[in-house]
Amino acid sequence: MKSPKFSLFLVFVTLLNLFARADEGMWLPMLVSKYNYNAMHQMGLKLTADQIYSVNQACLKDAIVALDHGGCTGSIISQKGLLITNHHCGYEAIAEQSSVGSDFLTDGFWAMRPEEELPIPGKTVSFLIRMDDVTALVLANVTPSMDEGERGSAIQKETDKIIEAADTVPGFEVSVESMFEGNEYYIFVYQTYTDVRMVGAPPSSIGKFGGDTDNWMWPRHTGDFCLLRVYSGADGKPAGFSKSNLPYQPKYFLPVSLAGVKEGDFSMILGYPGTTDRYLTSYGIEEKLKQSNPADIKAKWAKMEVMKKYMAADDATRIAYAGDYAYLGNFWKKSLQESKALQRLKVFDDKKRTEEEFQEWVKQNEIRKAMYGSVLDDFKNVYQAASASRANEALIYTEELLTGARILYIAFQTGELASRFDSADFNEMIGISKKRAAKFYKTFNPELEKELLKNMIDLYAKNVAPEYLPDYYHTIEKKFKGDAGSYVESIFDHSIFASEEKLMEYLNNPKKKTLLKDPAFVAANSLIESYMIARLAQMTDEDKFGKARRLYIAGLREMHPETTFYSDANSTMRLTYGKVEPYKPADALFADYYTTLQGVMEKEDSTNEEFIVSPKLKELFNKKDYGRYGNKGIMDVCFLTTHDITGGNSGSPVINANGELIGLAFDGNSEAMSSDIKFDVNLQRTICVDIRYVLFVVDKYAGAAYLVDEMKVVN
Ligand code: ARG
């Protein structure tokens, strides 16, 4: 027997481990009662598991929505379909509704009456109806002897059947998602609403205060929220936009708490995290550090540099490119910080250790050897081949070029016509193309586009392996003496896609030959061709890679039967719980867990558009006019929690022990930016805007108290 001392020590270590792990994990809400509820309850949760997730009663999950099928998260906060999410989640819509004369990005937007709310075309809001484990059904016909192709078909066949059987209510959306890389499968049933309107958004000087400089950083002073409203048909069901639609009546909405937060408070987040890669191997990290991230960083920065210059010079351009720029800036910085954090936190070494332990475990018996014996070698070989082929880089540059150079993008989209000249729906397609063009050129600055395309073509040539270079480099060599600038000028001089007038003229009298010879169309096509070549190179090992990933996770789970694993994020609803907590960003530094309006004033810089403070906000600050939202003369702005979130969680409600809304998650901290790959319990924090600041801005700053009145505010 072990000595009591020793087992006490073990208990202590286990407890430590438990605590260390408490905050990590993106849990499926339906499994919370099984895996997490006890721990949550011990940490202070006052709700029952059924109040969080249930298919039999209204519960928290009914108030949590996916925006745009998982781009961001929102929550319903009134009986009249009022929805709250982040400012950066509504940013593109706010930009699209803006013009130089009425610039909602700069000035904010507030509907003071329902008629003033602005429809947002294309915005969707999805409610989760239910989820279920369908692993046994999906894998019913899978046998060990199947190769990956056979396995894939067997799974597809069963999945199709399950979806068909579930799809009985019109308007419901059904999907089956793989968990743990194909080890488990879950069905998700959603109801999606499409009449969504803008209700309120603060000016960027509040909603995006700190801009790209503060993005991914703590301390933070951003009022990152906006308000939307969901509308339904008279029957309560989803309906396209119509004046006669009614505010959506939710099954459940979140009460809002004015109690505020203090260190150690229990809290949780329900939302739609997009992707994580927590089971990435050391080989994958090497690839990321050497190839993917540098390519991503360089390509995005090249586009941003050009955009920034033209946006600063002209207001219409600033508004037209605002959404794209914000997106690029956000993910450029993320990749940059991710690489830094991966190195600083030595995540490679950490993964190597896990792999060595795994290998030791595998070696211990013959069954394991047969099952998992080649997994790590397979990873190694796949990554070696990928590194030699450099296909990943080529794909990244191609995507950035195709989505960045708008003339290529519209040529690519409209180019669909080329194969349809003789088809019955040709006129319909022309109609669609015209509609698209009418919208497209509203956000098209030809000078910016020329410079961006030229710079990207040069960058691509320097960074992509020769075998993936598009054909147009021959043209540039032969016809333009190697000068990408003249090549681009010539595209803009001769292409039907260079302006709305030219494209409309063409669509009024379309000739197939003109399209086939069009220089933008030709360039877009050769780019797609290189994309396909790179994609094929990447795909050669896809089966081997998929199998290795599936088996690696299966093995790790078998190796640690005492641990409850969570599946990587995949845009399905997850719950994370933890507490309000400060952190130590680095040796000798301490970062407190909340910020106040005082900090906004300290950061003010009227010469830097990222740090402008509006006179109205200053006035409220000087008078300490915070109403019931202040905290003994102090206005709290943001706070930190230990939750485990990632992109897609943006806008997620932060919920206290009583199930009340206390804030919105909107960011993560740069020191832990390796978090998609490894959760670091000491460093990873979720950055939240305090709901009291949100209500203060709505009520005191914007004078839209009627919106607060609509909510259920509790003390
Ligand atoms: N980093 C945040 C996220 O990915 C987005 C913050 C947007 N703010 C900005 N300055 N771009 O969710």
Please report how many Lys pairs in the range 607-680 have alpha carbons closer than 23 angstrom, counting only residues at least 8 apart along the chain or sitting on separate chains.
-> 5
Per-pair calculated FRET efficiency, R0 = 25 Å: D471 and E505 via Cβ, rounded to 0.05 = 0.35
For the range 384-534, how big is Rg over Rh, using alpha carbon atoms and the Kirkwood form of Rh?
-> 0.99
Net lengthening on full extension, V714/A312 (0.36 nm per residue, minus Cα-Cα) | 140.3 nm
Would you tally the net charge around K511, using a Cβ to Cβ cut-off of less than 14 Å, leaving K511 out, and scoring K and R as +1, D and E as -1?
-> +2
For the range 60-139, treating each Cα as an identical point scatterer without solvent, what Debye log10 I(q)/I(0) comes out at q = 0.15, 0.16, 0.20 1/Å?
-> -0.65, -0.72, -1.01
Computed over all unlike Cα pairs, the Kirkwood hydrodynamic radius of the range 308-462 in Å stands at 20.4 Å
What share of Cα pairs, in percent, lie more than 16 angstrom apart in the range 200-310?
-> 82 percent
Considering only the other residues whose Cβ falls under 9 Å of the Cβ of C89, what net charge follows from Lys and Arg at +1 and Asp and Glu at -1?
-> -3
Which of the lysines could a cross-linker bridge to K517, judged by Cα under 22 Å and excluding same-chain residues fewer than eight apart?
-> K434, K450, K454, K478, K479, K481, K502
Treating only Lys and Arg (+1) and Asp and Glu (-1) as charged, each at its beta carbon, one finds that the chain has a dipole about its Cα centre, in Debye to the nearest 20, of 660 debye
Taking every other residue with Cβ under 15 Å from the Cβ of Y487 and scoring Lys and Arg +1, Asp and Glu -1, one gets -4
Considering only DSSP states other than H, G, I, E and B, which chymotrypsin sites (Phe, Trp or Tyr not before Pro) in the range 553-609 qualify as loop sites with at most 12 other Cβ atoms within 10 Å?
-> F590
Kirkwood hydrodynamic radius of the range 28-179 from all distinct Cα pairs, in Å?
-> 19.4 Å
Are there cysteines in the chain with no second cysteine's Cβ under 4.7 Å away, and if so, which?
-> C59, C226, C638, C688
When all C-alpha to C-alpha distances in the range 124-208 are sorted into bins of 10 Å, what percent of pairs does each bin hold, rounded to whole numbers?
-> 15, 35, 22, 15, 10, 3, 0
Using Cα-only point scatterers and the Debye equation, what is log10 of I(q)/I(0) for the range 338-384 at each q in 0.20, 0.24, 0.30 Å⁻¹, rounded to two decimals?
-> -0.74, -0.88, -1.02
Quick one: Karplus J couplings for the range 75-80, per residue in order, coefficients 6.51, -1.76, 1.60, θ = phi - 60°, nearest Hz, x for Gly and Pro?
-> 9, 8, 10, 7, 5, 10
Members of K380/K547; K439/K512; K262/K584; K61/K584 lying beyond 25 Å, as alpha-carbon distances in this model show = K61/K584
Give the long-range amide H neighbours of S267: residues separated by 5 or more places, or on another chain, with amide H under 5 Å away, using H modelled in the peptide plane at 1.01 Å from N.
-> G578, K579, V580
Label-point separation in nm, M146 to T213, each point 7 Å along Cα→Cβ | 5.6 nm
Taking the range 581-629 on its own, what percent of its Cα-Cα pair distances exceed 14 Å?
-> 64 percent
Per residue, the convex hull volume that the Cα atoms of the range 641-715 enclose (Å³) = 110 Å³
Under a straight-distance cross-link criterion of Cα-Cα below 18 Å, which aspartates and glutamates are reachable from K237, leaving out those fewer than 8 residues away in the same chain?
-> D62, D68, D167, E173, D195
Amide proton proximity set for V713, modelled H, under 5 Å, gap of 5+ | V256
Principal axis dimensions, the chain - Cα atoms, whole angstrom, descending = 84, 73, 57
In nm, what is the difference between 0.36 nm times the number of residues separating S490 and Q384 and their Cα-Cα distance?
-> 34.1 nm
For K544 and K157, compute 0.36 nm times the residue count separating them, minus their Cα-Cα distance, and round to one decimal in nm.
-> 137.2 nm
Using label points projected 7 Å from each Cα along Cα→Cβ, tell me how many nm separate V681 and Y35, to one decimal.
-> 1.7 nm
For the pair A586 and E115, the simple spin-label estimate (label points 7 Å beyond Cα toward Cβ) gives in nm 5.7 nm
Set the Förster radius R0 to 41 Å, insert the Cβ-Cβ distance between E399 and K632 as r into 1/(1 + (r/R0)^6), and round the FRET efficiency to 0.05.
-> 0.20
Cα extents of the range 493-585 along the three principal axes, largest first (Å) | 69, 40, 28
Counting only DSSP beta bridges fully inside the chain, the antiparallel percentage to nearest 5 is 95 percent
Put Y468, Y706, Y37 in order of accessible area, largest first, probe 1.4 Å, and you get Y706, Y37, Y468
Calculated diffusion of the range 550-709, Stokes-Einstein form, Kirkwood radius summed over Cα pairs, 4 °C and 1.567 mPa s, µm²/s = 71 µm²/s
One finds the C-alpha centres of the range 416-466 and the range 27-92 to be spaced, in Å, by 40 Å
For the range 242-293, what mean projected area does the convex hull of the alpha carbons give, in nm²?
-> 9.4 nm²
Among the DSSP H helices of the chain, those whose Cα atoms extend at least 18 Å along the helix axis and whose mean Kyte-Doolittle hydropathy is -1.0 or higher are 4-22, 148-166, 293-313, 315-344, 375-389, 391-404, 426-440, 446-463, 519-539, 542-559
Here, trypsin sites (Lys or Arg not before Pro) of the range 260-360 satisfying both criteria (DSSP loop; at most 15 other Cβ within 10 Å) are K262, K346
Exactly which trypsin sites (Lys or Arg not before Pro) in the range 418-488 are in a DSSP loop and have at most 10 other Cβ atoms within 10 Å?
-> K481
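The values are calculated or read from the model by the stated rules, or taken from the named source; none is laboratory data. Note that the structure is a prediction, hence the values are computed from the model and not measured. A quick note on method: Cβ atoms are made from the backbone with ideal geometry, for glycine too, and the neighbour counts reach across all protein chains shown. With ligands, DNA and RNA removed, areas are computed over all heavy atoms of the protein, side chains included. Shrake-Rupley method; radii C 1.70, N 1.55, O 1.52, S 1.80 Å.
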